[in-house]
Structure formats: C-alpha cells, structure tokens
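One structure below.
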Amino acid sequence: MKRNQIFTTTAKLLAVVLLSFSAYSCSSPEEPPQETENPVTVAIETAERSQMPASYHFSGTVKSEHTVHLSTKVMGKITQLDVEAGDFARKGDVLVRIKDDNLQAQKNQVEANLAQARSALQNTETNYKRLKALHEKGSATQKEFDDISTQYESARANVTALNGKLQEINDMLDYTVLEAPFNGYVVAKQVSQGDMAGPGQPLISFEQEKGMKVIVTVPETEIALFSLNDTVSVDVKAAGRQQLAGVVSSVNPSGSRASRQFMVEVRLPELSRNHGLKSGMFAEIGLGSVSDSSLTVPKTAIVERGQLTGLYTLTDDSEVLLRWVRLGDSSGDQVEVLSGLAPGERYVSSFGAPLREGQKVNAQ
C-alpha cells in the first residue's frame, strides 16, 4: 500500500508541473505598441491639359541669293581668263574675253555700208522733197513722183536694215567680253584660257558677295508651319554663326511626288563682306510653334526605374501609388504625358524624400 501511495503522489506532482509549464508556454510576453508612421508632406497637383510650346528643326544648305552661270552666244577662242575659283571681282571687271576679229571685220563692213546708205538716203530725200513740191504745182509728172517715192522708201529700208545688222553684231560682240554682273566671287570655272567657247556653253559660275539664303526641304506633314515673311532662327556652325534672324522668302507650292518634300527658301540678313558663310555649308533652321492641347506635368514629378518612367498618384485615402506612364515632348520644366494619366487625377508633383507604395502623404 505504501508503494501505491508513493506512485500516486508522484503522478500528481508530475501533472502539476506539466500544467504549470503548459500555462507558461501558452502565455506570451506583452508586445510593445507599434509606432504610427507620420505622413510625408509633398506637393500635389491635379492633371490638366494645356498648350505647350513646341520647337522644330530642319536641315538646309547655304546658297548665294544670286548665282549666275556666264556663257556666250558666239564661237571663238578664249583669249583672256585670268580668274580662278574663289577670286573676288567687282561689278564690271572683265572675267572672260573671246577672240572677236571676225565680228570686228563684219562690223567695219556694215558700218561702211551704213555710211553709204545714209548718204544715198540723204540725197534721195532731197530729190523726193523737190519733186514732191513740183508735183503739187503740176510741174512734175505722176510717174516721176512715183519713181522718186520708190527710191526714197528703198533707201530708208536699206538704212534700217543696216542699223539692225550693226546692232546684231554689237550684241554678239558684247558676248565676247563677259563682265562681273555684281560684286561677288567666282565659284566655278569650266574652261581655261585657250579653249574654244561655244554658244550656250557655261564658262564661269559667279555668286553675289553678300546676299545669302538657305534652301530647306520640309516634309509634307510640317510644311504648314512655314508662311511667307515668317522669321526663323538659322545656325551655321561651320561659320560660327548662330541665331541669325532669317526670313522665309519662298515656299514652293509643288512638292516632290517621290519624297513628299517641299522646298523652302530662307533669306539671311545683310552681312558684312567677311561673314564667313559659303555656299554648300550645312545650316539648321529652327522655329517655334504652339502645340495642340496636351496633358503635361512638371519634370520633378517623374520617377525613373531603369528604362521605365512613372509618377506617384494619390488614392482616396491620400496614399501614393506608383503608376507607369509614357512621355512625349518636353519644353522647359514641363513634359508631355501621352498615356498612363488622365485629366482630373491627382499626382505628386514634387517630393523631398523617397516614397513607397501605400505611404500616406499630406499636401504641401
């Protein structure tokens, strides 16, 4: 009996110990109270549409405003051609001289014949006036008056024909001496002294000294941006010229059917002789315009994650939510949002500290 009592007492003690351990293990220590996160103060704006200024740039080529290709109407040997490409010449300077011995001989002959014709005309005119007076008095027959009238008209016609021939020869002689039509530069020389010049053959290309322009090809989608007398900005970096005030002087109404490009001419302002601009230089034309109504946000609102761009929008509970957007053109501190944001939505326009999804914010 004593052994059973001892076993029973031991079992009761063990049960009490197990119950005490179980109660201790089920109880948990008192958790510290969680700290409440303070909302971050940020700048908040409402997305809305506005007109944003747009800039356009076009490539062009510098050319002289006046370029002439000197040629001749006569055939002959070139006896004088002292200029080279790049030489400067003043208006009236002789550039090319062509042998004119044959024309000079023809001119001398015509002038001699003209002198005889004028003398004959003068003599015939004297007889015509005398017979006309006698015919009016009845002292000369009708036949005599008709004959002198015919001689007089023939003499006048001969003088007129010889005058025309002389004028033609003088005109041909003008093409044996080619002069600079204005102050400018020789930009190309197609022949040399001693060559044979032919009618219509280009001999020299000559460009005006000061007047310059830029030729621009514009796509059909943007040709409406140009109007006559509009002022545009012109940069010619090779000549160290920037922000030149060019004026649209011509807009070709007919474009290329193949490329759908239109030709636009921009006249440059009057420059000094040593302006540095040369035909063939690359030029860039810039002009500003006002775009259609678009959704824009400050650049400070944009968040970049690698190649992705987004911004923080606000929920009804003033919590931020990162939303990816697609951006367009930018102007100044504004950037266009093409998709991902709708007008009327609130977004964080700027923030000083990093934000995270679901974080509460206060409007600044």
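Going by the structure shown, is G276 open to solvent by less than 70 Å² (accessible area, probe 1.4 Å), more than 30 Å from D174 (Cβ to Cβ) and part of a strand (DSSP E or B)? For G276, the condition - open to solvent by less than 70 Å² (accessible area, probe 1.4 Å), more than 30 Å from D174 (Cβ to Cβ) and part of a strand (DSSP E or B) - is not met.
For the range 226-255, filtering for residues that are open to solvent by 50 Å² or more (accessible area, probe 1.4 Å) and not in a strand (DSSP E or B) leaves 10. Restricting attention to the range 256-281, the residues that are of a type outside the set (K, R) and over 15 Å from the mean Cα position of the chain (by Cα) add up to 10. Whether a residue is more than 30 Å from G76 (Cα to Cα), in contact with a helix residue (DSSP H, G or I) (Cβ under 6 Å, 6 or more places away or on another chain) and open to solvent by 60 Å² or more (accessible area, probe 1.4 Å) was assessed, and Q142 does not pass this test. Taken over the range 154-189, the criterion of being charged (D, E, K, R) and touching a Leu at 6+ places or on another chain (Cβ under 9 Å) is satisfied by R156, K165, E179, K189. Looking only at the range 323-364, which residues are open to solvent by less than 40 Å² (accessible area, probe 1.4 Å), in a strand (DSSP E or B) and free of Cβ contacts under 8 Å to residues at least 60 places away in the same chain? Scanning the range 323-364 gives G328, V335.
Which of the following residues is within 30 Å of S254 (Cβ to Cβ) and modelled with pLDDT of 90 or more: K213, K189, K129, K165? It is K213.
Inclusion of M212 among residues that are open to solvent by 50 Å² or more (accessible area, probe 1.4 Å) and either closer than 30 Å to S55 by Cβ or touching a residue at least 24 places away in the same chain (Cβ under 8 Å) (or both) is not warranted. Taken as a whole, the range 282-294 holds at least one residue that is over 26 Å from the mean Cα position of the chain (by Cα) and either open to solvent by less than 30 Å² (accessible area, probe 1.4 Å) or modelled with pLDDT of 90 or more (or both).
The values are calculated or read from the model by the stated rules, or taken from the named source; none is laboratory data. Not measured: the values here are computed from a predicted model. All Cβ positions, glycine included, derive from the backbone under ideal geometry; neighbour counts span all protein chains shown. The accessibility values were calculated without ligands, DNA or RNA, using every heavy atom of the protein model including side chains. Shrake-Rupley method; radii C 1.70, N 1.55, O 1.52, S 1.80 Å.
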